[in-house]
Amino acid sequence: MFGTGETRDPEKKAQSPSTHDVRGIGDEIEMVRWLEETGRYRVLRKLKARAIANAPRPGFPMRGVIVDTETTGLSARKDEIIEIGIVAFSFDKTGNIGDVTGIYCGLQRPSIAIPANITRLTGITDAMVAGQTIDIARVQALIAPADLIVAHNAGFDRPFCETFSRAFAPKAWACSVSEVDWSARGFEGTKLGRAVDDCFALLEVLAQSGPDQGNTPFAELFAASQRSRVRIFAEHSPFEMKDNLKARGYRWSDGTDGRPKSWWVEVADDMLDEELRYLRAEIYRWPDADPPIRRLTALERFKA
């Protein structure tokens with residue numbers, strides 16, 4: 001997960017210690033530190049899941065939840081959750097993570113046979129979910145106190161979770177894919193695997209920070225969740241402009257989800273004026289064009 005490859009640097013080769021030098025570094029921790037300080041290696045560590053704290057430490061008054069789902073398909077309207085993983089944790093207002101305060105992982109038998117491609121992707125079979133039901137009361141008990149719900153692709157997980165239980169609907173959500181600049185932190189990928197193990201893995205990644213990176217990824221994510229964004233709907237834009245809009249990152253809404261039937265894009269609040277200037281000059285070619293906009297906070301973002 002989040003793997004990075006070795007960067008080959010011929011100029012540094014002469015500075016690298018010999019095998020004898022490496023063996024003389026000392027204990028394991030010192031060896032790992034040396035490898036990482038070269039800037040050419042990232043050492044993978046075996047994940048050790050945090051234990052649930054009997055009494056969460058003081059100084060971390062806020063509650064977060066990491067959630068991960070496996071489903072029978074991509075549509076929250078017709079497909080179903082077959083596995084959910086939840087890790088609840090405490091944190092403070094600057095984004096420092098405290099303790100794990102609760103864990104839940106459950107399987108559920110869907111109303112249809114699990115498609116073969118979903119089994120290949122997730123490893124979940126019909127036999128594994130036979131007779132299984134997710135404990136909705138336990139899920140809701142973990143979600144109820146949450147100040148922030150984090151998912152590693154919230155645009156996918158939030159609609160499924162809200163369909164499963166309305167307890168998810170009024171909560172603030174954050175997306176650890178789109179709201180953390182992983183490439184700036186030296187990570188090449190953002191792919192996770194399955195359910196509660198992935199929640200623990202994501203918690204550890206969000207809690208880490210390199211020596212030159214300042215705040216943790218979770219602090220970056222929490223700060224991003226506090227900023228509002230704006231969704232702009234290029235309603236009634238000329239049909240021949242669709243390729244221009246698509247190239248700029250606009251997506252199509254067919255109107256079935258309550259949004260205007262139009263191309264739309266989501267931008268940071270401070271980019272609104274620039275995007276409106278683009279639409280008026282390049283798309284509508286009319287200086288008084290006034291496309292619909294909708295301001296979004298973490299309470300509304302990533303909904304279907």
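The values are calculated or read from the model by the stated rules, or taken from the named source; none is laboratory data. Keep in mind that what you see is a predicted model, and the values were worked out from it rather than measured. Every residue, glycine as well, gets a Cβ built from its backbone with ideal geometry; the counts of neighbours run over all protein chains shown. Areas reflect the complete protein model, heavy atoms only, side chains present, ligands, DNA and RNA absent. Shrake-Rupley method; radii C 1.70, N 1.55, O 1.52, S 1.80 Å.
Decide, for region 107-199, between rounded, prolate and oblate: order the square roots of the alpha carbon gyration tensor eigenvalues as a ≥ b ≥ c, take rounded if a/c falls under 1.5, and otherwise choose prolate if a/b is larger than b/c, else oblate. Intermediate values should be presented prior to the final figure.
On the way: a/c = 2.40, a/b = 1.22, b/c = 1.96.
The shape class here is oblate.
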Relative to a virtual label point 7 Å from the Cα of residue 116 in the Cα→beta-carbon direction, which members of region 42-80 show backbone nitrogen distances below 18 Å? 72-73
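Give, rounded to the nearest 20 debye, the magnitude of the charge dipole that the chain has about its Cα centre when Lys and Arg contribute +1 at Cβ and Asp and Glu contribute -1 at Cβ. Don't skip to the answer; put the middle values down first.
Numbers: 41 positive and 44 negative charges, 96 e Å.
Taking the Cα centre of the chain as origin, the dipole is about 460 debye.
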HN-Hα J in Hz across region 144-153 - Karplus 6.51, -1.76, 1.60, θ = phi - 60°, x for Gly and Pro: 3, x, 5, 8, 8, 10, 10, 9, 8, 2
Amide H within-cut-off set for residue 234, under 5 Å, with H built and near neighbours excluded: 263, 264, 265
If you rank 32, 177 by how much accessible surface each has, with a 1.4 Å probe, what is the order from largest down? 177, 32
Projected onto their principal axes, the Cα atoms of region 195-304 stretch, largest extent first, over whole-Å spans of 50, 32, 24
Inter-label distance for residue 128 and residue 272, nm, one decimal - labels placed 7 Å from Cα along Cα-to-Cβ: 4.5 nm
For residue 77 and residue 27, extending 7 Å from Cα along the Cα-Cβ vector and measuring point to point gives, in nm, a value of 5.9 nm
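Sort 41, 250 by accessible area with a 1.4 Å probe, largest first. Walk me through the numbers on the way to the answer.
Values: 41 85, 250 10 Å².
Of 41, 250, the descending order of accessible area is 41, 250.
Rounded to the nearest percent, how much of the accessible area of the chain (1.4 Å probe, protein heavy atoms only) is carbon and sulfur? Walk me through the numbers on the way to the answer.
Details: 8620 of 17000 Å².
Carbon-and-sulfur percentage of accessible area, whole number: 51.
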FRET efficiency, residue 259 to residue 41 (Cβ-Cβ, R0 45 Å, nearest 0.05): 0.45
Once all protein chains are kept in place, residue 294 shows an accessible area at probe 1.4 Å, nearest 10 Å², of 110 Å²
Would you pull out the residues with amide H under 5 Å of residue 296's amide H, same chain only if 5 or more places away, H placed 1.01 Å from N? 229, 230, 231
Listed pairs 48/93; 242/303; 78/246; 48/78; 93/242 exceeding 32 Å between Cα atoms: 48/78; 93/242
I'd like the Kirkwood hydrodynamic radius of the chain, using the inverse of the mean 1/r over distinct C-alpha pairs, in Å. 22.1 Å
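Counting Lys and Arg as +1 and Asp and Glu as -1, what is the net charge of the other residues whose Cβ lies under 14 Å from the Cβ of residue 287?
Residues close to residue 287 contribute a combined charge of -1.
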Just read off the accessible area of residue 100 with the full protein assembly in place, 1.4 Å probe, to the nearest 10 Å². 0 Å²
Amide H neighbours of residue 172 under 5 Å, at least 5 residues apart or on other chains, H built in the peptide plane: list them. 149
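Going by accessible area, probe 1.4 Å, with all protein chains left in place, what is the ranking of 173, 286, 34, largest first? Present the calculation step by step, with values, prior to reporting the outcome.
Details: 173 0, 286 140, 34 60 Å².
Putting 173, 286, 34 in descending order of accessible area: 286, 34, 173.
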Which net charge results for the neighbourhood of residue 89, defined as the other residues with beta-carbon distances under 9 angstrom from its beta-carbon, given Lys and Arg at +1 and Asp and Glu at -1? +1
